[in-house]
Amino acid sequence: MTMISAALTAFGQVFSPLLRGVLLKSVALAIALLVVMAIALNAALQHMATLPYHWLDTLVSIVVGLGFVFGALYLTPVASSVVAGLFLDDVAEKVERTSYPGDPVGTAQPVVRSILYSLRFFAIVLAVNLGALMLLLVPGVNVVIFFLANGYLLGREYFELAAMRYNSPEEARALRQANAVTVFLAGLLIAPLLLVPVLNLITPVFGTAFMVHLHKRLASKAGPRLLETEPARLSR
C-alpha cells in the first residue's frame with residue numbers, strides 16, 4: 001500500500017460506519033475544547049484591561065471575537081492533540097481488525113502513559129502553534145511555518161503512537177527515525193486538513209487511521225521484530 005493509497009483508504013474509513021461513532025465523539029470534544037479556550041481567552045482579556053468607554057470595550061470584544069475565529073485555525077491542532085490521545089486506541093483497533101484481519105491486534109497503551117503522551121503532544125503543539133501565531137503579520141511566512149511545523153509534529157506523534165501499540169516507545173521512535181522522510185511527508189498529507197474549517201476537526205481520527213496503515217507498511221519492511229505483540233514484550 002503506497003502512502004497516497006493509505007491516506008485515501010484512511011480518509012474513506014473516517015466517514016464509514018466503522019469509525020463514524022468515534023468521529024462524532026472526537027469532533028464534539030474538539031469543539032468543546034475550542035469553546036473553552038475562547039471563553040478562557042475572553043475572560044483573561046477582560047480581567048487584564050478595563051477600558052474607560054463602553055463602546056470601546058464593545059469594539060475590543062468584537063475584534064477579539066473575530067481574532068479568535070481566525071486564531072481557531074491555529075488552536076485546532078492544540079485541541080486535536082488532546083483528542084488524539086483519548087481516541088487513538090479505539091480508532092487504531094477498529095482499523096487493524098478490519099484492514100488487517102490476519103495480523104495480531106496491537107495493545108492499547110497503559111492509561112498513565114497515554115495521559116503523559118497526550119500532555120506532551122499538547123504542550124509541543126501549543127508551543128509551536130503559538131510561535132506560528134506570532135508570525136501572523138508576516139504574509140506567507142506564517143502559513144508556510146504553520147504547514148511545515150504541523151506536518152512534522154502530526155507525522156511524528158501519530159506515527160509513534162500507532163507504532164507503540166506493537167513496540168516499546170524506544171523501538172517506535174527508532175522506526176520513525178529510520179523512516180523520517182516518509183513519516184514527514186505523511187504528516188504533510190495530514191496538515192492541509194488543519195487549513196479547512198470544519199474538516200480540520202476530523203484530524204485526530206484521520207491521522208490515527210492513516211498512521212496505522214503507514215506503520216503496517218513500514219514495520220513489515222523493517223522485519224518481524226518490529227511487529228511484536230504484547231506477550232512477546234512482556235516476556236523480556
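Remarks
- Distance between the pseudo-spin-label points of Arg20 and Thr2 (7 Å out from Cα toward the beta carbon): 3.1 nm.
- Average accessible surface for the range 107-222: 41 Å² per residue, computed with a 1.4 Å probe over protein heavy atoms with every protein chain in place.
- Ile115, Ile124, ranked by accessible area, largest first (probe 1.4 Å): Ile115, Ile124
- With all protein chains modelled, accessible area of Glu157 [1.4 Å, Å²]: 0
- q = 0.08, 0.12, 0.21 Å⁻¹: log10 I(q)/I(0) that the Debye formula gives for the range 80-225, counting C-alpha atoms only: -0.21, -0.48, -1.36
- Its alpha carbons considered, the range 146-201 gives a radius of gyration followed by a Dmax of 12.0, 36 Å.
- Summing +1 for each Lys or Arg and -1 for each Asp or Glu among the other residues whose beta-carbon sits under 12 angstrom from that of Lys216 gives +1.
The values are calculated or read from the model by the stated rules, or taken from the named source; none is laboratory data. Just so we're clear, the structure is a prediction, and the values are computed from it rather than from any experiment. Here the Cβ is made from the backbone with ideal geometry for all residues, glycine too, and neighbour counts use every protein chain on show. We work out accessible area using only protein heavy atoms, side chains counted, and drop any ligands, DNA or RNA first. Shrake-Rupley method; radii C 1.70, N 1.55, O 1.52, S 1.80 Å.
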